[in-house]
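Written out below as structure tokens is the structure these notes cover.
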Amino acid sequence: MSGNIWVLAEHWRGHVSDITFELLVLGKELAGGLGCPLEAVLLGHGAKGLAGELGAAQSVLSVDHPSLAEPNPEAYATALAVLLQEHKPRALLVPLSNVSADVLGILPARLRVPLANFCKDVGVVDGGLQATCLVYGGKMETTVSVPGSTVVLGILPGSRAAAEGRVAGSPSVVDVALQLPAEGRVRFESYVEPAAGDIDITQQTVLVSVGRGIQTQDNIELAEELAGLLGGAVSASRPVIDQGWLPLTRQVGKSGATVKPKLYLAAGISGAPEHVEGMKGAETILAINMDAQAPIFAVAHYGVVGDVVELLPLITDAVKAKKG
Amino acid sequence: MAHATTAPSETPAQVTLENLFETPRGRDLLTCIQCGLCAGTCPYGEVIEWAPRRIISMLREGQIEEVFASDSLLACVTCYACMAKCSRGLRLTEVLLPLVKEQIFVRLPEVPAELQKALSNTLRYGNPQGESARKRAAWAASAGVPIRVLPQDPRPVDVLWFVECYTSFHPRGQDNCRATAKVLHALGVDFAILGHEEKCAGECARLAGETGLFETLTDQNMKVLGKYQFNRLVTSGAHAYDAFLHGYQAAGLKVPVEHTTPFFAARLDALKPLLTKKLGYTVTYHDACVLGRHNGFFEEPRRLLGAIPGVKLVEMTHNRVNSICCGGGGGGMWLDTFYKAKGYERLADRRVKEAVATGADVLAVSCPYEVSRFEDSLKVLGFDKKMVVRDVVELLAEALGS
Amino acid sequence: MNILVLMKMVPDIVEELEVGPDGKSLDPEFQRPIVSERDEHALEQALLLKERCGGTVTALALDTQDADDVLFTALAKGCDRAVKVAGIDGPLATTEVASLLAKVIPAVPGLAPSDLILTGCWAIDDLDGMVGPLLAERLGMPYLGIVTGVGAKAGEGRVTVAKEYSGGVRGEFGVTLPAVLGIQASEKPPRYVPVAKVRATMKSGKIDSVPAAAPDEASQISILQMKKPEAAGRAEMLEGGPEEVAAKVLDLLSARGLV
């Protein structure tokens, strides 16, 4: 029984995800609070080289197996279940991301251990683990206690600063050989890239981003005009993309891109966590929303309670007038 | 030229396609002489494949299914123009078009997204905007005059003022209802609102083809209305007025129903002395389809405007019964994206060009849809510095000087 | 292909949310449950699959407030059958729901085996887990979530599933049936069904009622407190009428060298 703090080191297509570093920072705090080591779990095939980036952890458990070449949730869950049963860590921190979310769901079910989901923070209180979790689209925060000798925690992006987790170092790497089935009931086949020819929103200095508040596909023109004047482009939150009003390549958020423009104008976006994680790093965030209680105002630098359909043209006019 | 006004009892409430020809108004349709005045007067006559005369022709031939399979009548904004001009006085927009639009709606393979959202929101939240019902009376806090909300104070009242959705939630609509409250207060009217218990009257949902939604809303509103005692129902919503006058009276609403514009016009003797502030505007009045063509209230808004000191009235080319619809009725309010995709010109753009041509500063209206639609057109066409849109009641409130 | 769609009711966040007197849960006053948005997508995906490959779609929900409306609407949209699990005593955590369903589903006549069980991949109140993977484990089925497309050919015993990553990239997976899929978005937006059709279905359709079983498992986390999040750094709000605000925004943009 190790009782250690483990972080699932998420990596995708050859890169360690930013959120992994955030989890290492959080994990280190928890390990310190409990007086135990922090270990990273690296699953993959030919990915062992990434261990060098995980210096924030004391050691890295590396499992290399063909079935783990891509983040196949079934294969990952199988491997993790074996590891957890054998080593019994105190907690496994799993990123809440598209890559790792399924594992987060399957693993506690398989092991019948507690899961706390949507954690924006975790702390040690009286020797036990307490998590602060965001529910109801970010509108409420619950504090939960997570008792048990082995628990799984789903951590939201943004819990800590990734930069602090990027520690160069040489953690000791432990190769773990696991007997895993060559193929399971879920088989990765291929990646499908988005249609080419559209712009790369991650490269824009200005993004005018539209959400449900834009109301109609027609009104997106209002955003396009302003974005054009400011030398930027239009992006969107999930509901607009789901409607087919803009292509997938324009999506910001958990299933879309993470953007860090100089200006992010959130036009009619409520600010649910899945969206916020994709844009909170923007230098200046201006949010316009009809709802004064919209969670976006917590992450924005500037806010306006108003109707984007009314305000976008007025802002466009003001910009045009200034430009002369 | 037949000018159709309808007494409440004449409009059949439960006409279906099956019993259509058993009802007097339904049988009348068969007397169509195929003159084509309907198609000629329709503002979207160039794009609507099935003008009323062609629909009647197909009905006679037993080929109505072909009409139901077409989506071109989504462009019918139920402006009552065809009915007003029909040489036989047939109840086209009252009887024929809603039935046909309903059949088209239920057969649509995909309901255009914006319309779908408006209808789903109306069913769930009682307003097409999808706002919480709890916020429906939020505007009242800044009205500047006391507003009685019946759920909180259920004593009997003289006037139950049914505010409606765009007036309650849209910022420009809220300007309208704050103005209305001021004028009601200035006249010493004993009035109250339903607050969060009020739901959309559903007339435009009905005329888009969602009759089931209209029935559900009628049931809900009638239950709420049944809780309170009031002598008359006055509404700011022109379409709501039609709903109360016809659909709701058929469902058992017993009190007289009025729209705010004619209601104030009837009290002009008391109101005129209170209009003390001089407004130096040249105003052109746009006749709302429901108030004007459908219910004959052409002179009332003009009398109100004429009573405001300093207001000069000019007429557009198409005025009174010839007014050109803003495009908001019959579902049009939520089909702009659909119309754009089909390349249709916006009716509001057409109308606004006429308004600007009069040289007026103010385009006066009396239906909540018109405000946002015309303001949008003014902006798009670049006329928004030349002309503003004001509801007649906003101008009255401004002239009250308080 | 026989598809089972699991639908659940969640608080509607369009309404103002307040914490209830116990300090740990929502104040039920003013709360009106709404069907979980991802579950609507799951239903739509199931109906699309039925249109493409034939078979049946059954919608299932716990008999909680307003679930009848949701189930009748599902029938009106084209489901072949609607089932509600009755005798639920108070709110259940996701772990308990999954445990309960794992016992009930195999026992419902004509329901099992389903080729596919579809449900939303997450819901706004999934504090202690997601029902899809929990149920899959108990039923011994594979699970894949964050699904945005399902390709199936009748009778092949497997489906191709599109899973969403970031930046518009999708992963294609082959999944052996029977399986549980957690739907993120259906291939087309959820369809509209006229109110008259729903009302007619309420009169002519029926919802099968099956008794709940006691869950074997309970949520292992305990809620200590619920509150509205304090915005760590609240936005500086720009006040004024629309033109005033537009001018302030212009100042903001100019100050940053963007105009």
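Just so you know, all these numbers are worked out from the coordinates, no wet-lab data involved. All of these numbers come straight from a predicted model, not from anything done at the bench. When we count neighbours, we look across all protein chains shown, and the Cβ atoms used for this are built from the backbone with ideal geometry, even at glycine.
Take every Cα-Cα distance within the range A:201-323, group them into 5 Å bins from 0 onward, and report for each bin the whole-number percent of pairs it holds.
With 5 Å bins starting at 0, P(r) equals 2, 13, 25, 27, 22, 8, 2, 0.
Based on the mean of other beta carbon atoms within 10 Å per residue, what is the order of C:118-125, B:149-156, B:274-281, most packed first?
Numbers: C:118-125: 26.8, B:149-156: 13.5, B:274-281: 15.8.
Final packing ranking: C:118-125, B:274-281, B:149-156.
Over chain A, what relative contact order in percent results from Cα pairs under 8 Å that are six or more residues apart? Write down the numbers at each step before the final one.
Values: 730 pairs, mean separation 49.3, N = 324.
It rounds to 15 percent for chain A.
Does the range B:249-402 come out rounded, prolate or oblate by the C-alpha gyration tensor, with a ≥ b ≥ c the root eigenvalues, rounded set by a/c under 1.5 and, if not, prolate when a/b is larger than b/c and oblate if not? Write out the running numbers ahead of the final one.
On the way: a/c = 2.13, a/b = 1.20, b/c = 1.77.
Cα axes put the range B:249-402 in the oblate bin.
How well do other chains shield peptide C:248-258, expressed as the mean number of their Cβ atoms within 10 Å of each residue Cβ? If you can, show how the numbers build up before the last one.
Values: counts 4, 12, 7, 2, 6, 12, 3, 1, 5, 1, 10.
Going residue by residue through C:248-258 and averaging, the value is 6.
Residue A:262: which aspartates and glutamates have alpha carbons under 19 Å from its alpha carbon, excluding same-chain residues fewer than 8 sequence positions away?
Within reach: A:200, A:224, A:225, A:277, A:283, C:236, C:251.
Largest first, please: the extent of the C-alpha atoms of chain B along each principal axis, to the nearest Å.
62, 49, 36
Quick one: Debye curve from the alpha-carbon atoms of the protein assembly as shown only, equal weights, vacuum; give me log10 I(q)/I(0) at q = 0.05 Å⁻¹ to two decimals.
For the protein assembly as shown at q = 0.05 Å⁻¹, log10 I(q)/I(0) is -0.34.
Give me the Debye-computed log₁₀ of I(q)/I(0) at q = 0.14, 0.29, 0.34 Å⁻¹ for the range B:357-402, equal point scatterers on Cα only, no solvent, two decimals.
-0.34, -1.06, -1.19
Please give the direction-averaged projected area of the C-alpha convex hull for chain A, in square nanometres with one decimal. Before the final figure, lay out the partial values.
On the way: hull surface 70.5 nm².
Mean projected area of the Cα convex hull: 17.6 nm².
Ignore the peptide's own chain and count Cβ atoms of other chains within 10 Å of each Cβ in C:10-17; give me the average, rounded.
Details: counts 3, 5, 4, 11, 11, 5, 6, 6.
Counting Cβ atoms of other protein chains within 10 Å of each residue's Cβ and averaging gives 6.
According to a simple spin-label model (label point 7 Å from Cα along Cα-to-Cβ), what is the distance in nm between residue A:322 and residue A:198?
2.9
Across all directions of projection, what mean area in square nanometres is found for the Cα convex hull of the range C:1-155?
Values: hull surface 37.5 nm².
Computed as one quarter of the Cα hull surface, the answer is 9.4 nm².
Which residue fluctuates the most in chain B, going by a Gaussian network model with Cα springs under 10 Å, if the choices are B:137, B:240, B:341?
Highest fluctuation of the listed residues: B:341.
Helix A:73-87 against the longest principal axis of chain A: what's the angle in degrees, Cα atoms only, rounded to the nearest 10?
Taking Cα atoms only, the helix is inclined about 40 degrees.
Does the range A:2-89 come out rounded, prolate or oblate by the C-alpha gyration tensor, with a ≥ b ≥ c the root eigenvalues, rounded set by a/c under 1.5 and, if not, prolate when a/b is larger than b/c and oblate if not?
Details: a/c = 2.10, a/b = 1.34, b/c = 1.57.
Oblate, since a/c reaches 1.5 and b/c is not below a/b.
How much net charge surrounds residue C:142 when only the other residues with a Cβ under 15 Å from the Cβ of residue C:142 are counted, with Lys and Arg +1 and Asp and Glu -1?
Numbers: positive: A:110, A:185, A:187, C:138, C:158, C:163; negative: A:74, A:102, A:183, A:189, C:115, C:137.
Once all neighbours under 15 Å are counted, the net charge is 0.
Please turn the phi angles of the range C:40-47 into ³J(HN,Hα) values with the Karplus equation 6.51 cos²θ - 1.76 cosθ + 1.60 (θ = phi - 60°), one per residue in order, whole Hz, x for glycine and proline.
Listing the rounded values in order: 4, 5, 4, 5, 4, 4, 4, 5 Hz.
So for B:391, A:317, C:22, fewest C-beta neighbours within 10 Å to most, what's the order? Write out the running numbers ahead of the final one.
Details: B:391 27, A:317 17, C:22 11.
Least to most surrounded, the residues fall as C:22, A:317, B:391.
What order, most packed first, do the peptides C:170-178, A:268-276, A:169-177 have when packing is the mean number of other Cβ atoms within 10 Å of each residue?
Details: C:170-178: 19.4, A:268-276: 26.2, A:169-177: 12.9.
Going from most to least packed, we get A:268-276, C:170-178, A:169-177.
Could you sort A:51-59, B:207-215 so that the peptide with the highest average Cβ count within 10 Å comes first and the rest follow in order?
Values: A:51-59: 21.3, B:207-215: 25.3.
Packing order, densest peptide first, comes out as B:207-215, A:51-59.
Just tell me how shielded C:183-190 is by partners: mean number of partner chain Cβ atoms within 10 Å of each residue's Cβ, no decimals. Before the final figure, lay out the partial values.
Values: counts 0, 6, 5, 1, 0, 4, 8, 3.
Shielding by partners across C:183-190 averages 3.
With +1 on each Lys and Arg Cβ and -1 on each Asp and Glu Cβ, how big is the dipole of the range C:45-192 about its Cα centre, in debye rounded to the nearest 20?
Taking the Cα centre of the range C:45-192 as origin, the dipole is about 620 debye.
In debye, nearest 20, what is the charge dipole magnitude of the range B:221-340 about its Cα centre with +1 on Lys and Arg Cβ and -1 on Asp and Glu Cβ, if you could check?
Details: 14 positive and 8 negative charges, 68 e Å.
In debye, rounded to 20, the range B:221-340 gives about 320.
Taking H as built 1.01 Å from N, whose amide H comes closer than 5 Å to the amide H of residue B:314, not counting residues under 5 places away?
Placed amide hydrogens put B:283, B:284, B:285 under 5 Å from residue B:314.
Over the range A:252-300, what is the mean sequence separation of C-alpha contacts under 8 Å (at least six apart), divided by residue count, expressed as relative contact order in percent?
Numbers: 88 pairs, mean separation 20.5, N = 49.
The normalised contact order for the range A:252-300 reaches 42 percent.
If amide hydrogens are placed 1.01 Å from N in the peptide plane, which non-local residues have theirs closer than 5 Å to the one on residue A:100?
none
Taking chain B as the reference, fit the longest principal axis to its C-alpha atoms, fit the long axis of helix B:211-225 to the helix C-alpha atoms, and give the angle between the two in degrees, 0 to 90, nearest 10.
30
Considering Cα pairs under 8 angstrom that are at least six residues apart, work out the relative contact order of the range C:2-211 and quote it in whole percent.
On the way: 427 pairs, mean separation 54.6, N = 210.
The normalised contact order for the range C:2-211 reaches 26 percent.
To the nearest 20 debye, what charge dipole does the range A:149-241 have about its Cα centre, counting +1 at the Cβ of each Lys and Arg and -1 at the Cβ of each Asp and Glu?
Values: 6 positive and 11 negative charges, 108 e Å.
I would put it at about 520 debye.
When a footprinting reagent is the concern and you count Cβ atoms within 10 Å, what order do B:32, B:86 take, fewest first?
On the way: B:32 21, B:86 25.
So the residues, fewest neighbours to most, are B:32, B:86.
How long are the three semi-axes of the equivalent ellipsoid for the range C:202-259, computed from the Cα gyration tensor as the root of 5 times each eigenvalue, in whole Å, largest first?
The equivalent ellipsoid of the range C:202-259 has semi-axes of 53, 25, 11 Å.
For the Cα atoms of chain B, what angle does the longest principal axis make with the long axis of helix B:113-125, in degrees from 0 to 90, nearest 10?
Orientation of helix B:113-125: about 60 degrees from the principal axis.
Can you list the residues, at least 5 places off or on another chain, whose amide H is less than 5 Å from the amide H of residue B:162, using H built in the peptide plane?
B:234, B:235, B:236
Pairs to check: B:227/C:77; B:117/C:228; B:199/B:278; A:88/A:139; C:50/C:197; B:85/B:342. Give those whose C-alpha atoms are more than 31 Å from each other in this structure.
Flagged as over cut-off: B:227/C:77; B:199/B:278; A:88/A:139.
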